[in-house]
Amino acid sequence: MLESIRIIGYKGFKDFKASFMNGVNVLVGDNETGKTTILEAINLVLSGQVFGRSIFSEISPYMFNQDNVQKFIRSIGEKECRPPRIVIEATFIENDITSRYRGINNLDRVDLPGVSMVIDIDQSYAEEYVHYIEQKKDVTSVPTEFYGISWTFFSGNPVGLRGGEFKSTYIDSSTIRFATGSDRFINKVVNDTLTEKEKARLSIEYRKLRESFSRMDEVKTINDNLAIKGKLVFCPLQIA
């Protein structure tokens, strides 16, 4: 059903394209070349899920291509400053089911069946975003608190939280998470009490505290040692 994928600004990919064959496809490559990222992106654009949770509540600065992030930070205050964004497009093999998703609402403006997800600045937070980047010294990563998601078929119709007439299953035992009843209760209370803009401001202040903690000399020394050990177990280690 999937004919091709395009990934822009997601993790290690600045602009990546891949085509698929009918039947089973196998990705082969060295470690840290992006095989898992490709699978994550496919699952994300088809299901709206990342790490087993809805992307609508899970946008993270670590999802963005870090070269694009650093370019954004360096250009703050300049005319060409543009916040980084993520675009993932999946094109379908056309048949009686996928033809209804056909349209030109894609990066190449070509009439094809497919689905697109764009993670970019939410214009309803434009004022807050502008005020935030005015404090350039405080900007060390992507202000995802001001981001929104557009998830649409190439036809222009929104996908909706339940997705379309297709399913995606991504199995990764290393990302299993456990949530207690108290965690869910606290999250519900916070979500029901705070406005979206209050949540964004709270998240910004919390992230500033974490980043300030990570810059402390003792913490940096510990993280440098953890980074060395992390190379031995093929996964990043850090306290924050």
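What follows draws every value from the coordinates through simple rules; no lab data is involved. If you're wondering where the values come from, they're calculated on a predicted model, not measured in any experiment.
List of remarks:
- The angle between the Cα long axis of helix 181-193 and the longest principal axis of the Cα atoms of the chain comes to about 90 degrees, rounded to the nearest 10.
- Taking each of LYS136/LYS197; LYS137/LYS220; LYS17/LYS137 in turn, the alpha-carbon distance tops 28 angstrom for LYS17/LYS137.
- C-alpha long axis of helix 196-214 to longest principal axis of the chain, angle in °: 60 degrees
- Per-residue [θ]222 nm for the chain (sum of -39500 (n - 2.57) over DSSP H runs n ≥ 4, rounded to 500): -11000 deg cm²/dmol
- Relative to the longest principal axis of the Cα atoms of the chain, the long axis of helix 66-75 makes an angle of roughly 60 degrees.
- Spherically averaged projected area in nm², based on the convex hull that wraps the Cα atoms of segment 1-85: 6.9 nm²
- The chain - Rg and Dmax from Cα coordinates, angstrom: 19.5, 61
- The chain: relative contact order as a whole-number percent, Cα under 8 Å and 6+ apart: 18 percent
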